[in-house]
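*Asks:* Starting off with a structure, shown below.
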Amino acid sequence: MSEQSDDFVYDETTGEWVSASEAAANAAAVEQVEVRDAMGNLLVDGDSVTLVKDLKVKGAGQTLKRGTVIKSIRLTGDAQEIDCRYEGIKGLVLRAEFVRKA
């Protein structure tokens, strides 16, 4: 006779009893934030984006020009912020409303 070590919890959205691991996976999927660019395209980790306007970078003393391509973005968990790297600028965070998917 095999014993199952997983507890069951009541899922209020479906009205069913599900395993705790399945409930945790469902909760993680709900908490995942969709990040969309200025054109409404869905962004994911690793995408390349293009700036849609000139942006002054605070603390770096330089301006990123419209049309600049930023490669390998990372999502931050915020629906409007993306983390990225660019030559000479450490810790660059851009708002999704100022980029479009390349």
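Every number in this text was worked out from the coordinates using simple rules, so none of it is lab data. Here the structure is a predicted model, which is why all the values come from computation and not from measurement.
*Asks:* For the chain, with a Gaussian network of springs between Cα atoms less than 10 Å apart, report the residue from Ser72, Ser21, Ser48 with the top mean-square fluctuation.
*Replies:* Ser21
*Asks:* Please list, in chain and number order, the residues 5+ apart from Leu92 or on another chain whose amide H is under 5 Å from its amide H, with Hs placed from the backbone.
*Replies:* Answer set, sorted by chain and number: Cys84, Tyr86.
*Asks:* How tilted is helix 20-31 with respect to the longest principal axis of the chain? Cα atoms for both, answer in degrees (0 to 90, nearest 10).
*Replies:* 30
*Asks:* Residue by residue through the range 58-73, what is 3J(HN,Hα) from phi via Karplus (6.51 cos²θ - 1.76 cosθ + 1.60, θ = phi - 60°)? Round to whole Hz and write x for glycine and proline.
*Replies:* Values, residue by residue: 5, x, 9, x, 9, 10, 8, 7, 4, x, 5, 9, 10, 9, 6, 6 Hz.
*Asks:* Out of residues 5 or more away from Gln62 or on other chains, whose amide H comes under 5 Å of its own, with H placed 1.01 Å from N in the peptide plane?
*Replies:* Val57
*Asks:* I would also like to ask the following. Using only Cα atoms, what Kirkwood radius does the chain have, in angstroms?
*Replies:* Values: mean 1/r = 0.0619 Å⁻¹.
In the chain this quantity evaluates to 16.1 Å.
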